[in-house]
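Reviewing the structure listed below.
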Amino acid sequence: MARTYGRFLYTIAYRLTGDPDDAQDLVQETLLRVRKGLRTYRPGSMEGWLSRIVTNAFLDDVRRRRRRPVASIGDPPEGAFGSAPAAEEAMMADALPSDIEQALLRVPEEFRVAVVLCDVVGLSYQQISEALGAPVGTVRSRIHRGRALLREALS
């Protein structure tokens with residue numbers, strides 16, 4: 001699973017979090033949830049199912065952080081931990097221009113998730129609807145609003 005869909009999951013996670021370390025943590029959480037949920041998986045769109053899991057894990061983390069803010073202890077000294085070249089290579093291969101990345105991070109989560117799943121991952125409105133558990137009309141509205149906020153942030 002991780003070998004086949006790892007890059008796909010990392011791309012979504014990175015676009016949602018905007019941070020390589022947070023994206024790696026999100027992928028790990030997603031893979032744990034996938035392992036638990038494989039028994040209930042019904043054949044269909046694997047990408048849609050995985051997108052829903054990674055998106056829900058991201059939103060759960062956002063809610064948890066709002067309830068219990070965490071104080072930062074600072075960055076570790078350079079070279080204190082080994083790097084993960086595979087993740088860095090995946091990030092560079094799928095990199096967006098930095099101004100777009102920064103603007104995307106200023107878009108509220110509910111709109112950012114819809115825009116990322118549509119415009120970065122390339123899911124259909126129906127797949128996004130299933131991933132978010134929201135009606136297609138809501139998905140369309142969030143994508144439209146998210147794109148408008150992104151344009152505003154870029155200008």
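Assuming 0.36 nm per residue, please report the length gained on full extension of the stretch ASP21 to HIS144 beyond their Cα-Cα distance.
Using 0.36 nm per residue and subtracting the Cα-Cα distance, I get 41.4 nm.
Sorted by packing (mean other beta-carbon atoms within 10 Å per residue), highest first, where do 40-46, 27-33 land?
Working: 40-46: 9.6, 27-33: 18.3.
Going by the mean number of other Cβ atoms within 10 Å, highest first, we get 27-33, 40-46.
Can you grab the distance from the C-alpha centre of the range 105-155 to the C-alpha centre of the range 1-44, Å, no decimals?
What the calculation gives is 19 Å, centre to centre.
Go ahead and collect, in residue order, the members of the range 121-155 whose backbone nitrogen is under 16 Å from a label point 7 Å along the Cα-Cβ direction of ASP60.
Answer for the range 121-155: 131-133.
On average over all directions, what projected area in square nanometres does the range 1-71 have, based on the convex hull of its Cα atoms? Please list the in-between numbers first.
Numbers: hull surface 20.2 nm².
Dividing the Cα hull surface by four gives the mean projection, 5.0 nm².
Values quoted throughout were computed directly from the atomic coordinates according to the rules given, and no laboratory measurement underlies them. Just so it is clear, the structure is predicted and the values come from calculations on it, not from any experiment. Cβ atoms come from the backbone with ideal geometry, glycine included; neighbour counts cover every protein chain shown.
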